[in-house]
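Working notes, structure below.
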Amino acid sequence: MVNRPSTKRALIDKANTAVVVVVSVAAFLAVFSLVATKTLIGQAGYQNRVISAKRDAVNQLKADLSAVKTLNKSYDAFNSTTLNAIGGNPDGTSQKDGSNSKIVLDALPSAYDFPALTTSLEALLSGQNVKINTIAGTDDEVAQSTNQSSTTPEPIEIPFQLSIASNYDGIKNVIGVFERSTRPIQITTFDLSGDQNNLTLAVDARTYYQPAKALNINTKVVQ
């Protein structure tokens, strides 16, 4: 009978220990379940965002492929006309001849090329009964080499100076040729000297080129 309190205390301690263990296990399971549930919900949300982004990318790709087909048809139609945009023969070699795509590229080339501009001006003035005294300008090819392409290209001017000699009709024809040129030519200063039969025209002018448009393909990190 002397050991009964000790036995009762031991039973109580044992029961308390069991309760603590059960409560601890239950708490652990509850915390683990909460953490696991939160992780699973987060993973599910991430996967949904990934699936949504992939679906958007696929839809954009389908739209781009459809646009490419439409663009090819439009290009073929634009380039297969009987007469080009300025009334010339698409298969000819005269000043007004050439395909529409060639005319567009000649009108606003995608690269800076001053020697090509000089050749173009000489061709433009040939047959106009004029004498070309000088075609001058700054060959800025090295500095302009950085403007090869852009996502938002803008026309960049190319200044040049031109001096020609002719009679009144020849000078008038040259002005008309500049106005009808497929390549834009803007005269900034104009100096005319001499008499009606022997005139000299000196102009400061500028034309333009436009860098090619760059198509950037970007990657997106889904978070």
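The values are calculated or read from the model by the stated rules, or taken from the named source; none is laboratory data. Please read these numbers as outputs of a predicted model, since none were measured by experiment. We place every Cβ from the backbone using ideal geometry, glycine too, and count neighbours over all the protein chains shown.
I'd like to know if region 55-78 contains one or more residues that are part of a helix (DSSP H, G or I) and closer than 19 Å to Thr182 by Cβ. Yes, that holds for at least one residue.
What about Lys172, is it under 30 Å from Leu61 (Cβ atoms) and either at pLDDT 80 or above or in contact with a strand residue (DSSP E or B) (Cβ under 9 Å, 6 or more places away or on another chain) (or both)?
Numbers: under 30 Å from Leu61 (Cβ atoms): no; either at pLDDT 80 or above or in contact with a strand residue (DSSP E or B) (Cβ under 9 Å, 6 or more places away or on another chain) (or both): yes.
Taking the combined requirement at face value, the residue does not satisfy it.
Quick check, is Lys220 more than 18 Å from Pro109 (Cα to Cα) and in contact with a helix residue (DSSP H, G or I) (Cβ under 7 Å, 6 or more places away or on another chain)?
On the way: more than 18 Å from Pro109 (Cα to Cα): yes; in contact with a helix residue (DSSP H, G or I) (Cβ under 7 Å, 6 or more places away or on another chain): yes.
The answer is yes for Lys220.
The residues listed here are Ala214, Ala205; of these, the one that is within 29 Å of Ala85 (Cβ to Cβ), aliphatic (A, V, I, L, M), touching a strand residue (DSSP E or B) at 6+ places or on another chain (Cβ under 8 Å) and modelled with pLDDT under 80 is Ala214.
Filter region 172-212 down to residues that are farther than 28 Å from Lys102 by Cα and among the β-branched types (Val, Ile, Thr) and give me whichever is nearest to the chain's Cα centre (by Cα).
Start the filter on region 172-212 by keeping residues that are farther than 28 Å from Lys102 by Cα, which leaves 189-202.
Add one more test, that the residue is among the β-branched types (Val, Ile, Thr), and what stays is 189, 200.
Values: Thr189: 34, Thr200: 43 Å.
Restricting to residues being farther than 28 Å from Lys102 by Cα and among the β-branched types (Val, Ile, Thr), the top hit is Thr189.
Are any residues in region 79-115 surrounded by 13 or more Cβ atoms within 10 Å (Cβ to Cβ) and assigned to a helix (DSSP H, G or I), and if so, which ones? Reasoning before the result, please.
At the first step, the residues of region 79-115 found to be surrounded by 13 or more Cβ atoms within 10 Å (Cβ to Cβ) are 79, 84-86, 88-90, 95-114.
Across region 79-115, the qualifying residues are Asn79, Asn100, Ser101, Lys102, Ile103, Val104, Leu105, Asp106, Ala107, Phe114.
Would it be correct to say that Ala116 is without any contact (Cβ under 8 Å) to a residue 40 or more places away in the chain and not hydroxyl-bearing (Ser, Thr, Tyr)? For Ala116, the condition - without any contact (Cβ under 8 Å) to a residue 40 or more places away in the chain and not hydroxyl-bearing (Ser, Thr, Tyr) - is met.
Could you tell me which residue of region 131-169 is nearest to Asn218 (Cα to Cα), considering only residues that are β-branched (Val, Ile, Thr) and at pLDDT below 90? It would help to see each step written out before you state the result.
To start, the set of residues in region 131-169 that are β-branched (Val, Ile, Thr) comprises 132, 134-135, 138, 142, 146, 151-152, 156, 158, 164.
Filter again for at pLDDT below 90, leaving 138, 142, 146, 151-152, 156.
Numbers: Thr138: 38, Val142: 30, Thr146: 22, Thr151: 13, Thr152: 16, Ile156: 27 Å.
For region 131-169, the residue satisfying everything is Thr151.
Residues in region 186-197 that are in contact with a strand residue (DSSP E or B) (Cβ under 7 Å, 6 or more places away or on another chain) and at pLDDT below 90 were compared, and the one that is farthest from Pro159 (Cα to Cα) is Gly194. Of the strands (runs of 3 or more DSSP E) entirely within region 131-221, none holds at least 1 residues that are small (Gly, Ala, Ser) and touching a His at 6+ places or on another chain (Cβ under 6 Å).
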